[in-house]
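Input: a single structure, listed below in structure tokens.
The values are calculated or read from the model by the stated rules, or taken from the named source; none is laboratory data. None of the values given here were measured: they were computed from a predicted structure. So basically every Cβ, Gly included, is an ideal-geometry build from the backbone, and we count neighbours across all protein chains shown.
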Amino acid sequence: MALKCELCKEKIEETFLGKIVGSYVIINGKKKVVCNSCQKKNKHFKDELL
Ligand SMILES: [Zn+2]
């Protein structure tokens, strides 16, 4: 399953544990996935803990 950052469209890698190298956040009421660098630039995003 290839995930892409919703903001910069970079591919989001997965670790060997199956965790994404990024975060799920809620943007405009929808669950989105963003990469670590975009999340750092957009600290107002609400993390969704899974
Ligand atoms: Zn990004």
Inset, instruction - Could you please tell me which pairs satisfy a Cβ distance under 8 Å, a separation of 6+ or placement on different chains, a first residue in the stretch 11-35 that is in contact (Cβ under 8 Å) with a residue 24 or more places away in the chain, and a second residue that is in a strand (DSSP E or B) and among the charged types (D, E, K, R)? - result: Ser23/Asp47; Tyr24/Lys31; Tyr24/Lys32; Tyr24/Asp47; Val33/Lys4
Inset, instruction - Check whether at least one residue in the stretch 20-34 is modelled with pLDDT of 90 or more, in a loop (DSSP other than H, G, I, E, B) and surrounded by 12 or more Cβ atoms within 10 Å (Cβ to Cβ), and report yes or no. - result: yes
Inset, instruction - Could you list, in sequence order, all residues of the stretch 35-50 that are over 11 Å from the mean Cα position of the chain (by Cα) and modelled with pLDDT of 85 or more? - result: Lys41
Inset, instruction - Residue by residue through the stretch 11-36, note down the ones that are near the ligand (Cβ under 10 Å from one of its atoms) and in contact with a Gly (Cβ under 9 Å, 6 or more places away or on another chain). - result: Ile12, Val33, Val34, Cys35, Asn36
